[in-house]
Amino acid sequence: MHEQFEMTPADRRIVYVKAVDVTELPQEVQAQAGDLDQLYAVHDSDGQQLALVADRNLAFRLARQNDYAPVAVH
């Protein structure tokens, strides 16, 4: 009783939240980061960065508000 399941784009609304050291970012982003050492990047399943925010909780809230399921990347 194995049924094939085909994923639709709506089923793949997962984003990945990853901590990023400010020193690894472009100079103009570093200048805007103030005294923060880390920011949090939100990426889609293809690896494209969708957002860069100051707080991990904010990254998760942002994803959920836009109907994405956030997953932490270690």
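Among the residues of the stretch 18-32, count how many are under 18 Å from Leu62 (Cβ atoms) and among the charged types (D, E, K, R).
1
Residues in the stretch 31-47 that are farther than 13 Å from Ile14 by Cα, open to solvent by 50 Å² or more (accessible area, probe 1.4 Å) and either free of Cβ contacts under 8 Å to residues at least 12 places away in the same chain or touching a strand residue (DSSP E or B) at 6+ places or on another chain (Cβ under 9 Å) (or both): how many?
Counting residues in the stretch 31-47 that are farther than 13 Å from Ile14 by Cα, open to solvent by 50 Å² or more (accessible area, probe 1.4 Å) and either free of Cβ contacts under 8 Å to residues at least 12 places away in the same chain or touching a strand residue (DSSP E or B) at 6+ places or on another chain (Cβ under 9 Å) (or both) gives 6.
Within the set of pairs 6+ apart or on separate chains, which have a first residue in the stretch 52-74 that is within 21 Å of Glu24 (Cβ to Cβ), a second that is surrounded by 13 or more Cβ atoms within 10 Å (Cβ to Cβ) and among the charged types (D, E, K, R), and C-beta atoms under 6 Å apart?
Note: pairs meeting the criteria are Val73/Lys18.
Output the residues belonging to the stretch 48-70 that are crowded, with 16+ Cβ neighbours inside 10 Å and assigned to a helix (DSSP H, G or I).
Result: Arg56, Ala59, Phe60, Leu62, Ala63.
The values are calculated or read from the model by the stated rules, or taken from the named source; none is laboratory data. Since this is a predicted model, take the numbers as computed values, not measurements. Glycine also receives a Cβ, built like all others from the backbone with ideal geometry; neighbour counts cover every protein chain displayed. Accessible surface is based on the protein model in full, side chains and every heavy atom, while ligands, DNA and RNA are left aside. Shrake-Rupley method; radii C 1.70, N 1.55, O 1.52, S 1.80 Å.
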